[in-house]
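The values are calculated or read from the model by the stated rules, or taken from the named source; none is laboratory data. Since the model is a prediction, treat every value here as computed from it, not as a measurement. Here Cβ is always computed from backbone atoms with ideal geometry, including for glycine, and neighbour counts include all displayed protein chains.
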Amino acid sequence: MQQSRRPQLLASCHSGDYPKHTMKILILRLSSLGDIVLTQPIAAWLRAEYPGAQIDYVVKEQFVELVTLMGCELNPIVYSKSIRAHIALFRARYDIVIDLHGKLSTYLLKIASRGKRSVCYHKARSQRKRIVRGDRSLYIKSTTDLYKTALLQISSRVSLQAPRLYPLSHVEEPVLPDAAKRIAIFPGATHNTKRYPLKYFKELIKESPKDFQYIILGSTSEADMCRSLVLDYRTINLCAMLSFAQLLTLLQGCDWVISSDSGPMHMAAALQRPQIAIFGATHPRLGFAPQNTKAHILCANLDCQPCSLHGSDKCPQGHHRCMLSIKPESILKILSDNSN
């Protein structure tokens, strides 16, 4: 997500750094932002079940800092395709290896690590395909529940909490003007059909009370769309200017967070912030709903929803009504409610 500075990478721990009797656990989830956030309950359960264990987490470099904010005393290891990295995992001699990605890359890592016990989660591919094809009788509660299937191969008693992230106590924060309501907007998403129209965001900002403040956030690739939303003094663009630690601290101080079905949606949920989650090409029934009692989910529930599992470049039917039918007025009504 947003990282202007390169996070300090933690060195992977070798077996010589721990007593020989220490349980060693390896978690594999390389990306992406939201999926990594949703693995936090798995890490939390492992930490509670094996309090003295060394728990390593293989992840892509850009998400190392995020893993350190899960509050589970995890040791991030930067993912590498190199033979040397795979040999290092082999030499670590893990007791348990948990694959929460289920891709060829993590399969190779799992084989290389040769854990005494190796498990992989059930992706529910066929069930999700049936949902995309229009089967409205099916519903996946959450992706975290799917991750839980890996733990059930280790223990018959597994109880998980909702994902949580923990802001650091001492973080340099951007200095922002006072406002009656501070609202974070993440306009981006990996695919176009998951993005709320920029013209609607602009209408929302224009029609909002003068004492509302909008913080525009996103990744480097979303810089142009974020810049386009800076309309007046009420909009502040912090796109790609914050580390994950800074971003969590900022969101913790926001009254609302608005996003599509994306990684930032799950970050806001993990902080239990009041949020508005807008669904377009995807649908909460696929297991993507924010696990947050303070979340307002906006979804048109059209017959053609969901049209894909992760979104696409353009609407298959050419109308994009799943997003266009959710008017800015409905968002402003929620934001104006002082109950939160």
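Below are the figures for this structure:
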quantity	calculated
Qualifying position, being of a type outside the set (Phe, Trp, Tyr), at positive phi and not assigned by TED's automatic domain parsing to the domain that holds residue 32, among 318, 280, 263	318
Selected residue (only one of 103, 141, 123 is in contact (Cβ under 8 Å) with a residue 40 or more places away in the chain, touching a Gly at 6+ places or on another chain (Cβ under 8 Å) and surrounded by fewer than 22 Cβ atoms within 10 Å (Cβ to Cβ))	141
Residue list for the range 172-186, restricted to those being surrounded by 15 or more Cβ atoms within 10 Å (Cβ to Cβ) and touching a residue at least 60 places away in the same chain (Cβ under 8 Å)	181, 182, 183, 184, 185, 186
Number of positions in the range 29-72 that are in contact (Cβ under 8 Å) with a residue 24 or more places away in the chain and out of contact with any strand residue (DSSP E or B) (no Cβ under 9 Å at 6 or more places or on another chain)	15
Matching option when the condition is more than 26 Å from the chain's Cα centre (by Cα), surrounded by fewer than 20 Cβ atoms within 10 Å (Cβ to Cβ), basic (Lys, Arg) and on the phi > 0 side of the Ramachandran plot, among 114, 84, 91	114
Selection status of residue 17, of a type in the set (Asp, Glu) and modelled with pLDDT under 95	yes
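Yes or no, residue by residue, for (1) under 29 Å from residue 304 (Cβ atoms); (2) modelled with pLDDT under 95; (3) of a type in the set (Gly, Ala, Ser):
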position: 187; (1), (2), (3): yes, no, no
position: 202; (1), (2), (3): yes, no, no
position: 209; (1), (2), (3): no, no, no
position: 212; (1), (2), (3): no, no, no
position: 215; (1), (2), (3): no, no, no
position: 219; (1), (2), (3): yes, no, yes
position: 225; (1), (2), (3): yes, no, no
position: 234; (1), (2), (3): no, no, no
position: 237; (1), (2), (3): no, no, no
